[in-house]
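The values are calculated or read from the model by the stated rules, or taken from the named source; none is laboratory data. What you see is a predicted model, and the numbers here were worked out from it, not measured in a lab. Using ideal geometry, Cβ is built from the backbone for each residue, glycine included, and neighbour counts are taken over all protein chains shown. Heads up: the accessible areas ignore ligands, DNA and RNA and are worked out on the full protein's heavy atoms, side chains in. Shrake-Rupley method; radii C 1.70, N 1.55, O 1.52, S 1.80 Å.
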Amino acid sequence: MEVRIEQSWKEALAAEWEKPYFAELTRFVREEYGRAQVFPPGRQIFAAFDATPFHKVKVVILGQDPYHDDGQANGLCFSVNDGVALPPSLLNIYKELSDDLGIAPRASGDLSHWARQGVLLLNATLTVRAHQAGSHQNHGWEQFTDEAIMRLATEREHLVFILWGAYAQRKGAFINRMKHLVLTSAHPSPLSAYRGFFGSRPFSRTNEYLAAHGIEPIRW
């Protein structure tokens, strides 16, 4: 089966393509795109990997599902395309970025400039039915993205894993804290941002760690 994904990730995850769960996942996703409105557009399912090759990853930000409203999901977690209204979680991310580093909130929610610098914006589940949050969970995507995180955690060093909320923290629980920096806080959702996301300073802490290990910081 041919998988259209950036070459270094295709090689890093080569064993996954032949596993039974991935064949079943592929069948499910193809059927879903054929019978329902599904986000993101098919060509953007692997956009996070395509934008940030395996050996260029410096930071991993882990989301859960793609946005499920019209025109929002673009394959990068928390990101939306230019011209799309900023979702509440992204507004809070921008607020914390402003408080942390003094960077004024942008009008655009396109985070591809982060991805190009080495920030892997990875959702745990890479597809979702329109207006049905969580609808593609437990069909195999989580196993696939677990493997991607595992490969990074074991084969790379001095990465920063930013885990917002309990779901992301459970998914990244195995990461070796002696080898990487793992930043955890509440999720930036309006329901939880005031319970520890605001004031967590993930952006400055990330750059301090990268600089301390001779790695060029992110221009957030």
(request) Working only within region 18-36, note down all residues that are of a type in the set (D, E, K, R), open to solvent by 50 Å² or more (accessible area, probe 1.4 Å) and farther than 25 Å from residue 170 by Cα. (result) 18, 27, 30, 31, 35
(request) May I ask you to list pairs of residues, at least six apart or on different chains, whose Cβ atoms are under 9 Å apart, with the first in region 38-57 being more than 29 Å from residue 217 (Cβ to Cβ) and in contact (Cβ under 8 Å) with a residue 60 or more places away in the chain and the second being charged (D, E, K, R) and open to solvent by less than 40 Å² (accessible area, probe 1.4 Å)? (result) 38/32
(message) Going through 197, 174 one at a time, which residue ends up being buried (at least 18 other Cβ atoms within 10 Å of the Cβ) and either farther than 16 Å from residue 46 by Cα or at pLDDT 95 or above (or both)?
(response) 197
(request) Please state which of the following conditions residue 59 fails to meet, knowing it meets all the rest: (1) surrounded by fewer than 22 Cβ atoms within 10 Å (Cβ to Cβ); (2) at pLDDT 95 or above. (result) (1)
(message) Can you tell me how many residues within region 7-16 are farther than 14 Å from residue 45 by Cβ and either of a type in the set (A, V, I, L, M, F, W, C) or not in a helix (DSSP H, G or I) (or both)?
(response) 3
(request) Give 49, 28 a once-over and let me know the one that is under 15 Å from the mean Cα position of the chain (by Cα) and assigned to a helix (DSSP H, G or I). (result) 49
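Restricting to region 161-197, give me the number of residues that are over 21 Å from residue 143 (Cα atoms) and in contact with a helix residue (DSSP H, G or I) (Cβ under 6 Å, 6 or more places away or on another chain).
Qualifying residue count for the region: 9.
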(message) I'd like to know if region 67-78 contains one or more residues that are more than 30 Å from residue 194 (Cα to Cα), in contact with a helix residue (DSSP H, G or I) (Cβ under 8 Å, 6 or more places away or on another chain) and in a loop (DSSP other than H, G, I, E, B).
(response) no
(message) open to solvent by less than 60 Å² (accessible area, probe 1.4 Å), in a loop (DSSP other than H, G, I, E, B) and either closer than 30 Å to residue 24 by Cα or in contact (Cβ under 8 Å) with a residue 24 or more places away in the chain (or both): is that true of residue 162 in this structure?
(response) no
(request) Kindly provide the set of residues from region 37-56 that are out of contact with any strand residue (DSSP E or B) (no Cβ under 8 Å at 6 or more places or on another chain) and either at pLDDT below 95 or open to solvent by 10 Å² or more (accessible area, probe 1.4 Å) (or both), ordered by number. (result) 41, 42, 43, 44, 45, 46, 47, 50, 53, 55, 56
(message) Residue pairs, Cβ under 6 Å, 6 or more apart or interchain, first in region 192-220 and without any contact (Cβ under 8 Å) to a residue 24 or more places away in the chain and in a loop (DSSP other than H, G, I, E, B), second open to solvent by 10 Å² or more (accessible area, probe 1.4 Å) and among the hydrophobic types (A, V, I, L, M, F, W, C). List them.
(response) 196/186; 217/211
